[in-house]
1. For residues in the stretch 54-106 being modelled with pLDDT of 95 or more, open to solvent by 80 Å² or more (accessible area, probe 1.4 Å) and in a strand (DSSP E or B), which is nearest to TYR442 (Cα to Cα)?
2. Any residue that is closer than 23 Å to THR323 by Cβ and surrounded by fewer than 17 Cβ atoms within 10 Å (Cβ to Cβ) - is there at least one of those in the stretch 255-264?
3. Those residues that are surrounded by fewer than 20 Cβ atoms within 10 Å (Cβ to Cβ), of a type outside the set (D, E, K, R) and within 15 Å of ARG122 (Cβ to Cβ), I need them from the stretch 236-254; list them, please.
4. For residues that are among the hydrophobic types (A, V, I, L, M, F, W, C) and more than 30 Å from THR248 (Cβ to Cβ), scanning just the stretch 304-330, find the one that is least open to solvent (accessible area, probe 1.4 Å).
5. Can you name every residue in the stretch 209-230 that is open to solvent by 40 Å² or more (accessible area, probe 1.4 Å) and at pLDDT below 95?
6. Against the conditions (1) part of a helix (DSSP H, G or I); (2) out of contact with any Ser or Thr (no Cβ under 9 Å at 6 or more places or on another chain), where does PRO281 fall short? Just the number, please.
7. Please go through the stretch 290-327 and pick out each residue that is of a type in the set (Lys, Arg), farther than 24 Å from VAL273 by Cβ and in a helix (DSSP H, G or I).
8. Read through the list (1) on the phi < 0 side of the Ramachandran plot; (2) open to solvent by less than 20 Å² (accessible area, probe 1.4 Å); (3) under 21 Å from the mean Cα position of the chain (by Cα), then give the number of the only condition that CYS364 fails.
Amino acid sequence: MLDNAAGTDIKIAGWVRSVRVQKRIAFAEISDGSTLKGVQVIMEDPLMAKGLTTGCSVEIAGTLSDSPGREQSKEIQANSVKIIGEADAETYPLQKKRHTLEFLREIGHLRPRSQTIGAVTRLRDYAEMGLHKFFHDSEFVRIHTPALTANDCEGGGETFNVVTLGTEHPESDFFGKRVNLTVSGQLHLEVFAGAFKRVYTLNPAFRAEPSQTGRHLSEFWMLEAECAFVDSLSTLVGVEEEMVRSTTQFLVDNAGAELDFFARDNERLAQLVRRLTDQKPYARITYTEAIDILQRADAVANFVFKPRWGQGLQSEHERYLATLHFEGPVFVTDYPAAIKPFYMLPNPDGRTVACMDLLVPGPCELLGGSLREHDYSRLKSAIEAQGFEEGSLDWYLNLRKYGTTPHAGFGMGFERFIQMLTGLDSVRDIIPFPRHTGRCQY
């Protein structure tokens, strides 16, 4: 709209961010959500601004003109102003001042109108477009995996059970068995990877983890992909790296104003975006090498959890590796088998599995993936050792009986990807309607 030439007659509709009335002129900033900055409207007759308040919705007709100000290149000389929906100036909570993100969470029904949440929302939109473009250009097929499942992919038991109220057996009467909300679409993706070779999904996932930290949500979005005929971890890492690089570049090209908004006082964040998009390969180390780095750094870093081989990396360890040691993205590969899920392919050493996590500044772990166990007997033994209900994963085992292939896959938390690029501390400010322990508004 503002790309039109000066002198063009235009009509806009949106919400008033601010209004200022002087003796002989009035100004208003109008936002319709499409850009970071609203458009300035000039009313040469102050009476045109009668009834305008912050938050009200308006339709304005006028003429586009070049702006003498630094904040915008164009502005609108108003010919008519029509108030569509009033907003009480005394009670409207989003006045033109700085609001904390904690305050905005308390008014979730209005916070999309704030500049920060508006910028996050546009980044989510463009990031999804960038991801879909990458996967389609790379000959992946999108699969809509189910939200309801009888399986717990991770085996952690942190699932939401589906019940039917008013029945004798609420957990099983409807489906005839216990059913839960999905924590991952991986197992279902593997079904379609056995027919389409390269598949992916971007779907909601649910985890009943009673965490109050800003790193966890009970409902979130997961990007997951599976590739058949892949027997090399480096091949999978290459796909993951190019996905992150390509999608970040798509945002630089299409949502640069939003990225700049978050990096305006954060040079480290701007540096991270440049690092993610350059052609230099991301750092790669093994878990064993990571433990060695952390143990040598402990004398200065003084970690709360002392790094030891055989234990999972804590957030403080991941943060040190990505933020301080490598100052950018780093793949950590070949974790101990004992701390990873049953479906990962063992390495020849018998101690580790062929897997990786991508660590980045900010959210720490951005994505994780592995080569999948494709041998029927070994997978059957792993399932039995995990203690799954007998027969519940027979269909998954059968994929290894009929035309099995070496294959691999990964999952990335969509909110964590956006969190990495915005530098925001909490994923609760990344998702439109955050759900977490003790909180499910709207």
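1. Ranking the qualifying residues of the stretch 54-106, first place goes to ILE84.
2. Yes - at least one qualifying residue is present in the stretch 255-264.
3. Correct list: PHE250, VAL252, ASN254.
4. Among those that are among the hydrophobic types (A, V, I, L, M, F, W, C) and more than 30 Å from THR248 (Cβ to Cβ), it is TRP309.
5. GLU209, PRO210, GLN212, THR213, ARG215, HIS216
6. (1)
7. Of the stretch 290-327, the ones of a type in the set (Lys, Arg) are 296, 306, 308, 319.
Going one step further and asking which of them are farther than 24 Å from VAL273 by Cβ, we end up with 296, 306, 308.
Hit for the stretch 290-327 is ARG296, nothing else.
8. (1)
The values are calculated or read from the model by the stated rules, or taken from the named source; none is laboratory data. Predicted model, so just to flag it, every value in this text is computed and none were measured. So basically every Cβ, Gly included, is an ideal-geometry build from the backbone, and we count neighbours across all protein chains shown. Accessible surface areas use protein heavy atoms only, side chains included; no ligands, DNA or RNA. Shrake-Rupley method; radii C 1.70, N 1.55, O 1.52, S 1.80 Å.
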